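Below is one structure, written out as structure tokens; the observations come after it.
The values are calculated or read from the model by the stated rules, or taken from the named source; none is laboratory data. Computed from a predicted model, the values in this text were never measured in an experiment. Cβ sites come from the backbone with ideal geometry, for glycine too, and all protein chains shown count toward neighbours.
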Amino acid sequence: MDKTRIKVQAFLSKVPLFANLRPDELDRIALGTSKVKVERGELVFQRGEPCVGFHIVLYGQVKLSFTSATGAEKVIELIGPGHSFGEALMFMNKPYIVTAQAMEDTMLLHVSKPVIYREIHGDPDFACAMLAGLSQRMHSLMSDMESYSLRSGTQRVVGYLVKDCEEDESSELTLPAAKAVLASRLNLTPEHFSRIMADLSARQLIAFKGRHIVIPDVQKLKTCAG
């Protein structure tokens, strides 16, 4: 993606929520958007701040997390290009319940609450698309809860590694964040995550150097986790 010239309407048309909108509808949505550039480590918003719209990642990556009173962090989600966050709270008229931080230099598209409400009131199909998007997010969170409650640490790590892999014999991927961040995302300690990765490597199920992972046999890795 050309980071210097991004046509908002063209980008919106590729976002699932807006994929079926007509050009004139995309034009109306675009009028209610603004680009927000955040540098690596910079906060997009903090827990407790008012929610006046939602964000879509144009490029870069955003981490959503909770922080306890003792300073411990729990990573909820990592948001990459083309994905959005903050929609549900926009409808609830409540402040943000998580903190959003850029994991790398990131460009966001902020979509204002008034423009979304206007389209919902005027277009039932758009309202249904918005509900479908929120339902999909809820389903994802429920899947996470099931994983944390019923799956072992190894099963969680393997599930994460193979979730986007084809059924080919081998696959390669690059972890989207530091191991400590991914460990928190999977509800593991960094030490436990590292032990699991080392064990998978010792069993020749994966090979890794830094964030680069090679999976020699995807099906064999899936089978090892049960």
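The table that follows gives values for the structure above.
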{"item": "Spans of strands (runs of 3 or more DSSP E) in the range 34-112 with at least 2 residues closer than 21 Å to Pro190 by Cβ", "result": "62-67, 73-79, 99-102"}
{"item": "Yes/no for Ser140 being of a type outside the set (Phe, Trp, Tyr) and in contact with a Leu (Cβ under 9 Å, 6 or more places away or on another chain)", "result": "no"}
{"item": "Odd one out for Lys220, checked against (1) within 28 Å of Leu17 (Cβ to Cβ); (2) not in a strand (DSSP E or B)", "result": "(1)"}
{"item": "Given (1) closer than 20 Å to Gly48 by Cβ; (2) at pLDDT below 85, number of the condition Tyr96 does not satisfy", "result": "(2)"}
{"item": "Members of the range 159-186 found to be assigned to a helix (DSSP H, G or I), closer than 14 Å to Pro216 by Cβ and either out of contact with any strand residue (DSSP E or B) (no Cβ under 9 Å at 6 or more places or on another chain) or not β-branched (Val, Ile, Thr) (or both), listed by number", "result": "Leu161"}
{"item": "Counted residues, the range 116-137 - those being in contact (Cβ under 8 Å) with a residue 40 or more places away in the chain and farther than 20 Å from Arg28 by Cβ", "result": "2"}
{"item": "Top-ranked residue of the range 159-197 - restricted to ones that are surrounded by 15 or more Cβ atoms within 10 Å (Cβ to Cβ), β-branched (Val, Ile, Thr) and more than 18 Å from Val75 (Cα to Cα), ranked as modelled with the lowest pLDDT", "result": "Val162"}
{"item": "Lone qualifier among Leu175, Leu134 - being in the same structural domain as Ser65 (by TED's automatic domain parsing), among the aliphatic types (A, V, I, L, M) and within 18 Å of the chain's Cα centre (by Cα)", "result": "Leu134"}
{"item": "Subset of the range 9-64 [over 15 Å from Phe126 (Cβ atoms), surrounded by fewer than 19 Cβ atoms within 10 Å (Cβ to Cβ) and charged (D, E, K, R)]", "result": "Lys14, Lys35, Lys37, Glu39, Arg40, Glu42, Arg47, Glu49"}
{"item": "Single unsatisfied condition, Asp123 versus (1) within 21 Å of the chain's Cα centre (by Cα); (2) surrounded by fewer than 19 Cβ atoms within 10 Å (Cβ to Cβ); (3) over 30 Å from Lys222 (Cβ atoms)", "result": "(1)"}
{"item": "When residues of the range 216-226 are limited to those that are in contact (Cβ under 8 Å) with a residue 40 or more places away in the chain and within 13 Å of Gly159 (Cα to Cα), the one surrounded by the fewest Cβ atoms within 10 Å (Cβ to Cβ)", "result": "Gly226"}
{"item": "Ala88 exposed (fewer than 13 other Cβ atoms within 10 Å of the Cβ) and over 22 Å from Val181 (Cα atoms)", "result": "no"}
